[in-house]
Each structure stands twice: as structure tokens, then as C-alpha cells.
1. If you go through the range 195-213, how many residues are open to solvent by 50 Å² or more (accessible area, probe 1.4 Å) and either basic (Lys, Arg) or over 13 Å from LEU120 (Cβ atoms) (or both)?
2. Given the criteria surrounded by 15 or more Cβ atoms within 10 Å (Cβ to Cβ) and either closer than 12 Å to GLN204 by Cα or modelled with pLDDT under 90 (or both), does ALA186 qualify?
3. Give the residue that is nearest to GLU125 (Cα to Cα), with candidates limited to residues of the range 68-86 that are within 25 Å of the chain's Cα centre (by Cα) and outside any helix (DSSP H, G or I).
4. Working only within the range 134-172, note down all residues that are within 20 Å of ARG116 (Cβ to Cβ), over 24 Å from the mean Cα position of the chain (by Cα) and open to solvent by 50 Å² or more (accessible area, probe 1.4 Å).
5. When residues of the range 173-183 are filtered for being within 14 Å of PHE202 (Cβ to Cβ) and surrounded by 13 or more Cβ atoms within 10 Å (Cβ to Cβ), how many remain?
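The values are calculated or read from the model by the stated rules, or taken from the named source; none is laboratory data. Note that the structure is a prediction, hence the values are computed from the model and not measured. Using ideal geometry, Cβ is built from the backbone for each residue, glycine included, and neighbour counts are taken over all protein chains shown. We work out accessible area using only protein heavy atoms, side chains counted, and drop any ligands, DNA or RNA first. Shrake-Rupley method; radii C 1.70, N 1.55, O 1.52, S 1.80 Å.
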Amino acid sequence: MSAIRDALEMFRDQKVRFMLTVSGIVVGVASLVVMASVLEVGQAVLRESSSQASGDDVLTISNDWHKMNDNPDARRLDFADQLAITESTLLSPDNRVTGTYGMTNRAVRFDEKDYRPLTLGVDPEAFEVYKLTVEQGLLFSSSDFTDGRRVIVAGIDALDGKLKPGDLVRVEGTPFTVVGILAKKAEMGPGGSWSWNNRLLFPQRTYRLDFDP
């Protein structure tokens, strides 16, 4: 009882300090709750943005370009490596494997203007793995891949966003026909020319035959 009396007397004598202490505790706890909610929402937004930008659970295997530059004779990943991974028994049937080739800024001329967009060769699996869809025109057909046709699917902002299906562009002097324009793709990372929105995509076999990356 004496402890309660002492507490009450302290409260009467130091009401302001008591109220400030209680207020500080309440505000502190409320701030933690709000911060936790913000972090949880932020994580969900980040996961969704990442999924939209690169796809779900994408594991990328690439050359170590620092070592490549220091040792020009070092072996680089190639089409045989993609096949080996695709046929690996360590992967479940639900896994999809795709390869992108080239990833090079090449000289492109369109509408009497010169550009240097990022170009790459892709296989049919790339569109599903990276969640790429078209806003105009079509994706590559099976015959585009097998016959090595000189066709392009372009990012929506590529070449100043002026491209449309049916346009003819020259890549290092060789004519290619635009068959599709990708829908706007969420971005993460460096963006710019590395964004899917600014790239020119070629059928893998066409790209290998014409540019031998």
C-alpha cells in the first residue's frame, strides 16, 4: 500500500513529467507499429516490382566480365552450356531455361537517323521467363526461330519510340523487319539502354548467323 501511496504522491507532485513519459511510450510504440506496417507494404511492393521487371524466381548465369577482360582467351558461356543446363536432371520439369545472346550496342539506322540500341538474340522461352508481351504486332513465330528470318521485336521506347510493326531498320547495314512492339516493362537496376523498353530482340538463330556473338 505504501508503494501505491508513494506512486500517487509522485504523480501529484510531477504530473507533467509523468504525462510526458506516458506520451513518449505511446508515441514510440505507435511509431514502431507504423514503421513495421510501412516496411511490410514496402517489401510487398518491391517483390511485385521485381517480379514485373525480371520475372519470378529468375536465376541468371553469366560470364564474369572482369575475368574475361583480363583473360581474352578464357572460355565464355555458349549455346552448348544452355543445352547442358536445359537437359540437366537436377532441374524439375517446371523449370524453364532461356539464353540471351550478344547483349551488344550495335549501329542501327532508321528514318534517316543513327542509333546504337542494345541488341540481343532470344529463344522462345525468353518471353515467358521475363514476362514479355506485345502491345502492337506479334512475337516471333516458330518459323522465325527455325528459319533464321531477319525480324525484330522492339522495346516500346527503342529508337525514340518511333517504331511500329512493318517498319524496316538496318542493323549494321543488314535490313530487318519489325514484327512486334513490346508492352511497357517495369524497370529495376540501371535502366536506360539496358531496359527491355529500349532493346531490340532478334530470333536466336538469326542473331548467331548474322552477328556471331
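1. Residues flagged as open to solvent by 50 Å² or more (accessible area, probe 1.4 Å) and either basic (Lys, Arg) or over 13 Å from LEU120 (Cβ atoms) (or both) within the range 195-213 amount to 4.
2. Judged against the criteria, ALA186 is a match.
3. Checking each candidate, the answer is ASP78.
4. Those that are within 20 Å of ARG116 (Cβ to Cβ), over 24 Å from the mean Cα position of the chain (by Cα) and open to solvent by 50 Å² or more (accessible area, probe 1.4 Å): ARG150, LEU168, ARG170, GLU172.
5. Final tally of qualifying residues: 6.
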